[in-house]
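The values are calculated or read from the model by the stated rules, or taken from the named source; none is laboratory data. Model, not experiment: these values are computed from the prediction. Every residue, glycine as well, gets a Cβ built from its backbone with ideal geometry; the counts of neighbours run over all protein chains shown.
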Amino acid sequence: MSLHLEYLNPEQLAAVTAPDEHALILAGAGSGKTRVLTTRIAWLVKSGRVAPSGILAVTFTNKAAREMLTRVSAMLPVNPRGLWIGTFHGLANRMLRMHHREVGLPATFTIVDSQDQLAAIKRLLKGMNVDEERFPARELMYFISGQKEEGVRPREVRITDEMTKGYADLYAAYEEQCQREGVVDFAELLLRCFELLSRNEILRDHYSQRFRHILVDEFQDTNRLQYRWLKLLAGRSSFIFAVGDDDQSIYRFRGANVGNMADFERDFNVRKVVRLEQNYRSHGNILDAANALISNNRNRLGKNLWTSAGQGEPLRVFEGESDNDEARWLVEEVQALVRDGTRLSHVGVLYRSNAQSRVLEHALFSHAIPYRVYGGQRFFERAEVKHALAYLRLVASPDDDNAFLRVVNFPTRGIGARTIEQVQDTARQNSLSLFKAAEGKAVVFKKLIEDLRAEVQGLPLPEVVEVTVARSGLIEHYKTEREGAERIQNLEELVNAATAFVQEERVPEEGEPADPLTAFLTHAALEAGEHQAGDGQDALQMMTVHSAKGLEFDVVFITGLEEGLFPHEQSITELDGLEEERRLAYVAITRARHRLYLSHAQTRMLHGQTRYNIPSRFLEEIPQALMKWLTPRFSKKRAFEPDFSRTKEAFPLKRQSRDIGGFRIGQNVMHSKFGPGVIVDAEGQGTDARVQVNFGNQGLKWLAVSVAKLQAA
DNA sequence: TACTTTGTCCTTTTT
DNA sequence: GGACAAAGTA
């Protein structure tokens with residue numbers, strides 16, 4: 001077992017063998033980031049700098065955590081279980097299970113996913129008779145998660161108006177409900193854990209003494225709370241090794257804060273910044289295109305990828321008359337690639353939004369080209385599986401109201417809306433769980449759950465699952481449904497998943513709940529399961545650009561490069577939204593090893609309407625010398641005359657829209673008081689001209705152009 | 001109470 | 001075009 005340090009380039013070696021101090025590794029796409037991280041861990045242990053138990057490695061996805069664990073195990077002759085390698089949420093969960101009393105949670109607390117969280121919020125709003133027009137459930141969920149991710153509890157919410165006051169009150173009510181039901185959402189896992197460490201000095205010292213080396217993957221994706229969590233955990237005596245790429249920060253919409261990289265450098269007085277710029281993945285032309293594109297972004301830490309491989313072939317660009325035409329062309333190209341010996345699984349088809357896959361799938365399907373679509377429904381998120389899990393949750397803890405409501409009348413057993421409302425009223429008045437409040441009502445269901453609990457008492461986990469599924473009546477129900485066969489299969493698969501879980505998870509990890517059912521439910525919530533049929537078969541790989549991050553393909557198609565789609569129209573009026581779209585395009589381009597196709601279509605069906613799109617600005621930001629047009633460049637001749645009568649507020653038209661006092665929609669501006677902003681809307685002319693500007697945290701403002709002294713930025 | 005029809009809204013996603 | 005929720009019908 002060797003670390004093979006001799007195969008590392010000088011920068012990689014410098015990172016791997018960095019001294020005991022904080023370090024920031026700017027790791028460009030394809031620069032061997034994972035290798036550096038895993039080798040660093042192995043090197044730390046082998047050189048005797050730290051015991052395996054002194055290492056904490058954090059990732060965002062279970063997949064990344066698994067890969068890290070596997071690769072480290074291959075380099076070290078130690079039981080990998082001693083290493084704390086996991087996702088932010090997984091590690092927080094571990095700590096909370098170990099110290100659940102200190103944070104005021106039951107030992108069997110349940111983790112709810114976003115779906116359940118939304119359901120809980122809807123239920124809350126209904127119960128409180130809140131006008132859902134004024135406070136939409138989804139908005140409230142974003143608000144709550146957003147606040148939690150900033151480390152803000154309800155009483156600390158900055159109240160600026162009636163609206164925020166309302167949101168803050170509902171946030172408080174939501175927290176009470178969760179506490180009463182013993183459930184914890186994703187953001188709560190982190191916040192609770194953060195509060196645990198910040199309040200309990202002894203515990204904090206214990207952990208920061210223990211974890212001398214903290215390694216963080218995808219640092220550009222951390223949110224404020226995760227940053228503060230790391231800071232707390234590091235204390236004064238530990239060293240943080242942060243690996244990230246600011247150019248690949250594409251998750252701002254869910255709270256990621258690229259600024260954490262610059263903050264880290266400053267707050268931790270980082271002296272060691274290593275840039276990994278040598279790319280081992282792509283040919284020169286592809287890298288040049290990526291570099292040129294991303295250089296249009298302003299707020300960068302700065303980095304330029306290079307390769308010792310040749311220039312390779314030019315990027316191939318295609319303009320379709322329509323989305324169907326684009327799909328037809330893609331099929332032909334793929335068929336040609338296959339004839340030339342390319343394996344389908346080495347070809348990635350990328351798009352900005354999921355809705356785009358349909359047309360492509362249709363074309364592929366009718367030409368019998370096997371494909372696999374990533375993303376979408378995961379195993380533990382399927383309705384039938386969630387139903388079965390709800391029964392299991394009630395077995396584990398009958399007071400789980402979310403689970404109760406999900407299955408009290410599913411399959412239908414004559415317990416209607418009115419009965420449920422009565423139970424909910426009783427529950428509210430007496431602060432009881434629905435299960436307890438259902439005394440004398442919903443008798444059939446109550447008895448079912450009670451019998452079930454008695455029956456599975458003491459059985460091994462797989463049998464608990466099997467019996468629960470059998471008694472739930474779900475299978476009989478799906479037998480009557482037309483497309484129920486697959487659902488029944490999934491229910492059977494759930495039993496298999498439980499069997500596999502028991503066999504694999506064997507040695508309980510530190511902090512793993514002793515009760516196997518709770519452990520299994522936690523596993524189901526934390527790991528949605530990338531489980532899909534048809535694995536292993538050679539198939540074309542289709543996915544959104546977001547889900548392509550971290551992957552690579554010999555050949556990549558980036559489709560739908562059109563204004564309004566990519567960059568997405570909604571990004572234009574978000575502060576720094578366009579830069580994030582450009583980073584997204586950068587991620588897409590850098591997935592390709594040898595060949596890259598870029599395509600756009602003149603017309604596209606979207607939301608049931610034909611849209612007339614102009615080519616993406618990103619196509620113009622790539623040097624023409626790197627590209628070979630398969631169709632005449634930006635053909636002036638349009639195959640169809642736009643029929644604007646059916647196009648409401650076509651985005652491209654808006655973009656080209658008129659000047660208002662020297663400004664236009666989508667333009668970045670600077671205001672002396674509110675700082676940077678982006679113009680969202682405009683009205684009036686001349687001295688009356690007004691523009692609406694999105695100032696991010698400062699809010700949305702209407703300003704008179706003649707008064708506001710806006711500067712183009 | 002349970003199933004069917006109509007109306008509204010549309011990114012990106014992991015935990 | 002499709003998911004989801006509210007309103008309508010047996």
Pick from A:ALA383, A:ALA368: which is within 16 Å of DNA strand C (Cβ to nearest atom) and among the hydrophobic types (A, V, I, L, M, F, W, C)?
-> A:ALA383
For the stretch A:262-307, enumerate the residues that are farther than 17 Å from A:LEU26 by Cβ, touching an Asp or Glu at 6+ places or on another chain (Cβ under 6 Å) and part of a loop (DSSP other than H, G, I, E, B).
-> A:ASN296
Where a residue in the stretch A:164-187 is over 25 Å from A:ASN93 (Cβ atoms) and its partner, wherever it lies, is among the small types (Gly, Ala, Ser) and buried (at least 18 other Cβ atoms within 10 Å of the Cβ), with Cβ under 6 Å and at least six apart = none
Within the stretch A:442-468, restricting to residues that are surrounded by fewer than 16 Cβ atoms within 10 Å (Cβ to Cβ) and assigned to a loop (DSSP other than H, G, I, E, B), the one that is nearest to the chain's Cα centre (by Cα) is A:PRO460
Scan (1) touching a residue at least 40 places away in the same chain (Cβ under 8 Å); (2) under 20 Å from the mean Cα position of the chain (by Cα); (3) farther than 14 Å from A:LEU360 by Cβ for the single condition A:GLN570 breaks and write down its number.
-> (1)
Give the residues of the stretch A:99-116 that are more than 13 Å from A:GLN179 (Cα to Cα) and either within 14 Å of DNA strand B (Cβ to nearest atom) or under 21 Å from the mean Cα position of the chain (by Cα) (or both), sorted by residue number.
-> A:ASP113, A:SER114, A:GLN115, A:ASP116
Residues (crowded, with 16+ Cβ neighbours inside 10 Å and either touching a residue at least 60 places away in the same chain (Cβ under 8 Å) or farther than 30 Å from A:ASN668 by Cα (or both)) located in the stretch A:278-291 = A:GLN278, A:ASN279, A:ARG281, A:SER282, A:HIS283, A:GLY284, A:ASN285, A:ILE286, A:LEU287, A:ASP288, A:ALA289, A:ALA290
Those residues of the stretch A:349-401 which are more than 20 Å from the chain's Cα centre (by Cα) and among the small types (Gly, Ala, Ser), in sequence order = A:ALA363, A:SER366, A:ALA368, A:ALA383, A:ALA388, A:ALA390, A:ALA396, A:SER397
Quick one: in the stretch A:561-606, of everything that is hydroxyl-bearing (Ser, Thr, Tyr) and within 12 Å of DNA strand B (Cβ to nearest atom), which residue is nearest to A:SER31 (Cα to Cα)?
-> A:SER571
Could you list all residues from the stretch A:261-288 that are basic (Lys, Arg) and over 25 Å from the mean Cα position of the chain (by Cα)?
-> A:ARG266, A:ARG271, A:LYS272, A:ARG275
Answer yes or no: is there a residue in the stretch A:138-149 that is free of Cβ contacts under 8 Å to residues at least 40 places away in the same chain, in contact with a Ser or Thr (Cβ under 8 Å, 6 or more places away or on another chain) and on the phi < 0 side of the Ramachandran plot.
-> yes
Which one of these does A:GLU133 not meet: (1) assigned to a loop (DSSP other than H, G, I, E, B); (2) more than 14 Å from DNA strand B (Cβ to nearest atom)?
-> (2)
Counting only residues that are out of contact with any Leu (no Cβ under 9 Å at 6 or more places or on another chain) and assigned to a helix (DSSP H, G or I), which one in the stretch A:308-332 is farthest from DNA strand B (Cβ to nearest atom)?
-> A:GLU332
Which members of the stretch A:562-584 meet the condition of being buried (at least 21 other Cβ atoms within 10 Å of the Cβ), at positive phi and away from DNA strand C (no atom under 16 Å from the Cβ)?
-> none
Go through (1) away from DNA strand C (no atom under 16 Å from the Cβ); (2) over 24 Å from A:TYR227 (Cα atoms); (3) free of Cβ contacts under 8 Å to residues at least 24 places away in the same chain; (4) in a helix (DSSP H, G or I) and name the single condition A:LYS122 misses.
-> (1)
Boolean, A:ASP20 is closer than 22 Å to A:HIS206 by Cβ and touching a strand residue (DSSP E or B) at 6+ places or on another chain (Cβ under 9 Å) | yes
Does A:HIS100 count as farther than 25 Å from A:GLY255 by Cβ and either of a type in the set (A, V, I, L, M, F, W, C) or away from DNA strand C (no atom under 16 Å from the Cβ) (or both)?
-> yes
A:GLY127 versus (1) within 14 Å of DNA strand C (Cβ to nearest atom); (2) under 27 Å from A:ARG199 (Cβ atoms); (3) more than 23 Å from the chain's Cα centre (by Cα): which is the lone unmet condition?
-> (2)
If we keep just the residues of the stretch A:607-628 that are assigned to a strand (DSSP E or B) and surrounded by fewer than 18 Cβ atoms within 10 Å (Cβ to Cβ), which is nearest to DNA strand B (Cβ to nearest atom)?
-> A:GLN609
Consider A:THR426 against the criteria (1) touching a residue at least 40 places away in the same chain (Cβ under 8 Å); (2) surrounded by fewer than 21 Cβ atoms within 10 Å (Cβ to Cβ); (3) in contact with a helix residue (DSSP H, G or I) (Cβ under 7 Å, 6 or more places away or on another chain): it satisfies all of them except one. Which criterion is unmet?
-> (1)
If we ask which residues in the stretch A:241-260 are surrounded by fewer than 22 Cβ atoms within 10 Å (Cβ to Cβ), over 15 Å from the mean Cα position of the chain (by Cα) and touching a residue at least 24 places away in the same chain (Cβ under 8 Å), their number turns out to be 1
Within the stretch A:74-90, is there a residue that is more than 16 Å from DNA strand B (Cβ to nearest atom), buried (at least 18 other Cβ atoms within 10 Å of the Cβ), at pLDDT 90 or above and within 30 Å of A:ARG281 (Cα to Cα)?
-> yes
Unique residue being within 25 Å of the chain's Cα centre (by Cα) and either closer than 23 Å to A:PHE404 by Cα or at pLDDT 90 or above (or both) when the list is A:SER208, A:SER145 | A:SER145
A:TRP229 meets each of (1) part of a loop (DSSP other than H, G, I, E, B); (2) modelled with pLDDT of 95 or more with one exception, condition (1)
Picking from A:VAL50, A:VAL58, which residue would you name as being more than 25 Å from the chain's Cα centre (by Cα) and either within 16 Å of DNA strand C (Cβ to nearest atom) or within 24 Å of A:ASP217 (Cα to Cα) (or both)?
-> A:VAL50
Subset of the stretch A:28-58 (residues that are assigned to a strand (DSSP E or B) and either more than 19 Å from A:ASP245 (Cα to Cα) or at pLDDT below 95 (or both)) = A:ILE55, A:LEU56
